[in-house]
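The values are calculated or read from the model by the stated rules, or taken from the named source; none is laboratory data. None of these values were measured; they are calculated from a predicted model. FYI the Cβ positions are ideal-geometry reconstructions off the backbone, even for glycines, and counts take in every protein chain you see.
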Amino acid sequence: MIKSPHIYLASRSPRRGELLRQIGVAFEVLPADVDESILAGEAPEHYVLRLAREKAEACARRVVADGLPTMPVLAADTTVCADGIILGKPESDEEARTMLRRMSDRWHTVHTAIAVAHEHRVEVLLSSTQVEMAPLTEAEIAAYIASGEPRDKAGGYGIQGPASVFIRRIEGSYSGVMGLPLYETAQLLKKFGIHAL
């Protein structure tokens, strides 16, 4: 039996969709396009919280403007931070190489913010996870870049794919590193009457 959608997912990310299905939340994809530029002096945590909120609010406005069925909107944003520097999605192979070198043999932080908007109410939560990457050789970095994996991923890697062999350990939420921290997501949705599983 196919469930009717419970929420709108303001994201085209297949990973976020997979994670929501994993916890039994039915959804309809309704992407939100917002300017993802980093503001001057903006801390990584504030950046992802702001973007998640803006995406949720933009999608909620679209629901009203287009006369779509009223449901809560879930939005998320993920960024990787090393040395206080936000590492977004690399725009070139060289940028991906620089990011991977920066994270090699050390810890970095993955911040994922989630926001739910519904009927003039918006709530946001932040999940921050520490990730330790193993030392990477230039050959490993080159092979990973050649696979095409880094292109659409914050920090130039996805923990759920081939780059999993680079990760020594994490402290925090594995699903948060993937792009949707499931514990926090379930808790936030519960506040809006949506129950996982």
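Structural remarks
- Residue within the stretch 53-73 that is within 30 Å of residue 168 (Cβ to Cβ), β-branched (Val, Ile, Thr), under 21 Å from the mean Cα position of the chain (by Cα) and modelled with pLDDT of 95 or more present: no
- Positions within the stretch 38-57 being without any contact (Cβ under 8 Å) to a residue 12 or more places away in the chain and over 18 Å from residue 110 (Cα atoms), in sequence order: 39, 40, 41
- In the stretch 94-116, the residues that are touching a Phe, Trp or Tyr at 6+ places or on another chain (Cβ under 9 Å) and of a type in the set (A, V, I, L, M, F, W, C): 96, 99, 100, 103, 113, 116
- Flag for residue 32 being among the small types (Gly, Ala, Ser), closer than 16 Å to residue 116 by Cβ and not in a loop (DSSP other than H, G, I, E, B): no
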